[in-house]
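Trainee: Encoded as structure tokens, here's the structure I'll be asking about.
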Amino acid sequence: MTNHPPTHSERYDEALLWTAQLHRFQTRKGKPVPYLSHLMAVSGLVWEDGGSENEAIAGLLHDSIEDAGQSHDSIAERFGDEVAAIVRDCTDTTGPVAPGVAKEPWLLRKTRYVAALEHKGEGSLRVTAADKAHNARDMVLDARRNPRSWERFNAGLDGTAWYLQRIHQTLSQRLPGSRSNALLGESVQEILASEAYRCLVPHGIAPTVWATGYVERPETHRSRSAHDG
């Protein structure tokens, strides 16, 4: 046995257990992987990106308002205002979504989320970077095996490329040096360079330019509003 001090407090243990309970019956979109795997990965990326314990706890809980019926107050009661504020910042709905109730349209939620990044604190940005980096890497790895895997996401490949590129661009300015954002950038580049995406881009237009213009192409927008992360 060593006498090294603990690397984290019992608060983190409690958060991990509560997260597992909140998301026990949820899976990753379109596959039988426990959703808890994503939440643990996000928390790990936050730690590795220099985040605090509060930020790592918020990484575990970042979907608990949107997908587990929690609120700012219920999180603050257990883990304090800082954690609750970060989780709220990482939520793209305006509050908890009742089971069976449709969320707002995907594009409305995502454009609002991207715009809000300009004003969020460093802790919220670090959790956002970890969340999007892990989601993007998961998408890319799935697409390597099956290019049609993009069809399971609300906005398809076109909208997803726009969203991830915009997040990466904003974080590059607001959170320079972030390891998670570097990982996100690598995934964005692979998406834009993929054969599947190049098939969407008209001849003579750079993929980055085409992705940037997604919002101005309403004919390509998906209308579904279910969750895609």
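Just so you know, all these numbers are worked out from the coordinates, no wet-lab data involved. These figures come from a predicted structure and were not determined experimentally. Cβ coordinates were reconstructed from backbone atoms using ideal geometry, including for glycine residues, and neighbour counts include every protein chain displayed.
Trainee: Just to confirm the filter: which chymotrypsin sites (Phe, Trp or Tyr not before Pro) across segment 7-52 are DSSP coil and have at most 15 other Cβ within 10 angstrom of their Cβ?
Mentor: PHE25
Trainee: Summing -39500 (n - 2.57) over the DSSP H runs of n ≥ 4 in the chain and dividing by its residue number, what mean residue ellipticity at 222 nm do you reach, to the nearest 500 deg cm²/dmol?
Mentor: Taken over the chain, the calculation gives -18000 deg cm²/dmol.
Trainee: Pick from GLU219, GLU82, GLU186: which is most flexible by mean-square fluctuation in a GNM of the chain where alpha carbon atoms under 10 Å apart are linked?
Mentor: Between GLU219, GLU82, GLU186, it is GLU219 that shows the largest mean-square fluctuation.
Trainee: Could you work out the relative contact order of segment 16-84, using alpha carbon pairs under 8 angstrom and six or more residues apart, expressed as a whole percent?
Mentor: 24 percent.
Trainee: Which residue, ARG109, ARG174, ARG152, has the most motion in a Gaussian network model of the chain that connects Cα atoms within less than 10 Å?
Mentor: Judging by the Gaussian network model, the answer is ARG152.
Trainee: How tilted is helix 179-193 with respect to the longest principal axis of the chain? Cα atoms for both, answer in degrees (0 to 90, nearest 10).
Mentor: 20 degrees
Trainee: Moving to a separate point now. Obtain the nm distance between the two label points defined at SER9 and GLU82 by a simple spin-label model: each point lies 7 Å from its Cα along the Cα-to-C-beta direction.
Mentor: Distance between label points: 0.9 nm.
Trainee: Could you list LEU200, LEU141, LEU183, LEU45 in order of exposure, starting from the residue whose Cβ has the fewest other Cβ atoms within 10 Å?
Mentor: In increasing order of surrounding Cβ atoms, one gets LEU141, LEU200, LEU183, LEU45.
Trainee: Stretched out fully, how many nm does the piece from ARG198 to LEU108 gain, at 0.36 nm a residue minus the Cα gap?
Mentor: Extra length from ARG198 to LEU108 when fully extended: 29.8 nm.
Trainee: If you average 1/r across every pair of different Cα atoms in segment 37-123 and take the reciprocal, what Kirkwood value do you get, in Å?
Mentor: Radius from the Kirkwood sum: 13.4 Å.
Trainee: Further question on the same structure: If we count other beta carbons within 10 Å of each Cβ, what is the order of ASP131, ASP142, fewest first?
Mentor: Going from sparsest to densest Cβ surroundings: ASP142, ASP131.
Trainee: Can you compute the modelled spin-label distance between VAL215 and GLN189, with each label point 7 Å from Cα toward Cβ, in nm?
Mentor: Using points 7 Å along Cα→Cβ, the separation is 2.6 nm.
Trainee: Does the chain come out rounded, prolate or oblate, given a ≥ b ≥ c as the square roots of the eigenvalues of its C-alpha gyration tensor, rounded meaning a/c under 1.5 and, failing that, prolate meaning a/b above b/c?
Mentor: Here the chain falls in the prolate category.
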